[in-house]
Structures are given as structure tokens and as C-alpha cells.
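Just below is one structure, and these are the notes that go with it.
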Amino acid sequence: MIQNVLNAIADPTRRAALAIVWDGGEHCVCELMARLDASQSRMSRHMKVLREAGLVTDRRDAQWVRFRRNPSLAPALVAVVDAVVAAERSAVPEQEMETA
């Protein structure tokens, strides 16, 4: 299982999607697409990887699929994802400074 989690969070787009979903709310694919500037098929593929790794759960709502963090995730894995999300958020200002 840890191998699947590490593979899932290795991709920058999946980490960005995870950071959005990790707020405890529920987010539709349409929101993730808009916020991450990704196509529907690309976003769906990324979310499938996160779901198969057990990091998120989903539910169908009419034509959309809504994702949220998996409430049954083991505390040790929650700590790993918390650390990764925190690192991603703290790295954003550095990345913006590098491109300026």
C-alpha cells in the first residue's frame, strides 16, 4: 500500500489536486480541472490514481464525480500526506520567485 501512496504523490498534478481535496471538503472534477488547468480526461486519470492508492474517495453526483479525502486513511498515511501538502504549500512562494 505504501508503494501505491508514494507513486500517487510523486506526480505534481496529483499533489496539487490532493492539496485541494485535503481541506476536508468535497470537490468536483470540474473544480479541479479549472483550478489546475487540466482537461477532464487528464484530471480523471490523476484522481483514479489517488483513489486507487486509497487517498481519496469519490461519489457520483449527476454527471460529475466529487472527491474528498479518505476518512478511513491510516493515521500514519495522513501524517505523510499532511507533510507533503504542507511542503507543497510552502514551496509555492519559492517557485513564484524563481520565475520572476
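Details
- Residues within segment 49-84 that are surrounded by 14 or more Cβ atoms within 10 Å (Cβ to Cβ), free of Cβ contacts under 8 Å to residues at least 12 places away in the same chain and under 17 Å from Q3 (Cα atoms), tallied: 1
- Residues being part of a strand (DSSP E or B) and without any contact (Cβ under 8 Å) to a residue 60 or more places away in the chain are entirely absent from segment 37-45.
- Sole exception among (1) among the charged types (D, E, K, R); (2) surrounded by 13 or more Cβ atoms within 10 Å (Cβ to Cβ); (3) farther than 19 Å from N7 by Cβ for D23, by number: (2)
- Checked against (1) touching a Gly at 6+ places or on another chain (Cβ under 8 Å); (2) of a type outside the set (K, R); (3) not in a helix (DSSP H, G or I), L77 meets all criteria but (3).
- Of all the criteria given as (1) surrounded by 12 or more Cβ atoms within 10 Å (Cβ to Cβ); (2) within 21 Å of L6 (Cβ to Cβ); (3) out of contact with any Ser or Thr (no Cβ under 8 Å at 6 or more places or on another chain), the one not satisfied by A87 is (1).
- Among the residues of segment 35-55, not one is under 10 Å from A17 (Cα atoms) and β-branched (V, I, T).
Values quoted throughout were computed directly from the atomic coordinates according to the rules given, and no laboratory measurement underlies them. What you are looking at is a predicted structure, and each value in this text was computed from that prediction instead of being measured. We place every Cβ from the backbone using ideal geometry, glycine too, and count neighbours over all the protein chains shown.
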